[in-house]
Structure formats: structure tokens, C-alpha cells
Amino acid sequence: MGVRRGIYESLKGRLAKELPWLRLIDLDKGQVGRGERNYPVPLPAAYIRVGRIDWESRTGIQEGDATVSVALVLEHVQDTYDGAEAEEEELLELDREEAVYEALEGYSSPVLSGMDRRATLPVEYGGKWVRLESEWRCHVVQSKPRGREAELVTLTVRTDNE
């Protein structure tokens, strides 16, 4: 299994276990922002995007620090101004972002270790939804393919005088 797939499946399983109220967990492919051009998206949903992985070679392995974003998308149809009919219920939805933090901060699995929240992005509002996104870092390790270890090479430099 590839590293990106492993990260995605590990986080998907963790979110499903810790946040059973989610109706959908999927790879983030921009589904929510495309509105009518996309299929209806059941809410609440979580979207996972595995971003950049910075690798460093070690003997027999490569270790990497991966950037991952997790977006929580919730239904948001009521107003939140003082005195609005469902003001408190709508504002409570914003607190659900903390549930993602509690589920993932420090999380480790066989394919990743040390989930660490690095940033909370600005809230994005759509017609009937709100997107709460955070960026994370984690550590991953991948074995090098057999027979791909660098061998010691001896170079001899000769000058024209030799």
C-alpha cells in the first residue's frame, strides 16, 4: 500500500471511530465548493487531503513529514445574529471543530505517527454549509525497494600528468 493511501485510510478509520455522527468521510477533491456541479453531499462530512511529504533518506528506509488537511463540513442554514431563531444551535456547530482536534491530536497508527495540528484555516461559508479546515503534520516511514541501497563507489581522479 502506498504512503498517501495509508495516511488516508488510517485517518478515515480514526475519524469514523471517534466521530460517529459524520455521514461521510472522503478524499478532498473540491466536492463542496463546486455546488450544483457536483452530486449532493451528505452532511456532516469530513474531507481529507494528503499534501506535501518532505522525505529524508536513512539506511533501508525513507522518513517523511507529511502535511495533511482535514475539513469538517457542516450544514449551516440559520442566522447567527443576536436574537436569531436558532442562533445558539448554529454557533454550537462551530464547536464541532474541537472534536476533530480531540480525535486526531497526537494520533499514531502503524502508518503514521504524531499527528500535530499546525494551523486552523479561515472559516468558509457556502449557501447551506460551513467548512472548518485545519492543517496537520505527521511522520511517516517507507521501506526502500530491495536492491536500491547505494553502494560505495571509489573514484580515481587522474591528472594529465599521470
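The values are calculated or read from the model by the stated rules, or taken from the named source; none is laboratory data. Model, not experiment: these values are computed from the prediction. Here the Cβ is made from the backbone with ideal geometry for all residues, glycine too, and neighbour counts use every protein chain on show.
When the residues of the stretch 21-55 are filtered to those that are modelled with pLDDT of 95 or more and of a type in the set (Lys, Arg), the one that is farthest from Leu112 (Cα to Cα) is Arg23. For the stretch 122-140, what are the residues that are touching a residue at least 24 places away in the same chain (Cβ under 8 Å) and surrounded by fewer than 14 Cβ atoms within 10 Å (Cβ to Cβ)? Correct list: Val123, Tyr125, Gly126, Gly127, Lys128.
Residues that are more than 26 Å from Glu18 (Cα to Cα), of a type in the set (Val, Ile, Thr), in contact with an Asp or Glu (Cβ under 9 Å, 6 or more places away or on another chain) and touching a residue at least 60 places away in the same chain (Cβ under 8 Å) do occur in the stretch 56-67. Go through the residues of the stretch 82-105 one by one and say whether even a single one is in contact with a Gly (Cβ under 9 Å, 6 or more places away or on another chain), surrounded by 14 or more Cβ atoms within 10 Å (Cβ to Cβ), modelled with pLDDT under 95 and not basic (Lys, Arg). No, the stretch 82-105 contains no residue that is in contact with a Gly (Cβ under 9 Å, 6 or more places away or on another chain), surrounded by 14 or more Cβ atoms within 10 Å (Cβ to Cβ), modelled with pLDDT under 95 and not basic (Lys, Arg).
List pairs: first in the stretch 13-29 and within 10 Å of Ala45 (Cα to Cα), second modelled with pLDDT under 95 and among the β-branched types (Val, Ile, Thr), Cβ under 8 Å, 6+ apart or cross-chain? Note: pairs meeting the criteria are Leu24/Val41. Within the stretch 111-145, the set of residues being out of contact with any His (no Cβ under 9 Å at 6 or more places or on another chain), under 21 Å from Asp54 (Cα atoms) and assigned to a loop (DSSP other than H, G, I, E, B) comprises Val111, Lys144, Pro145.
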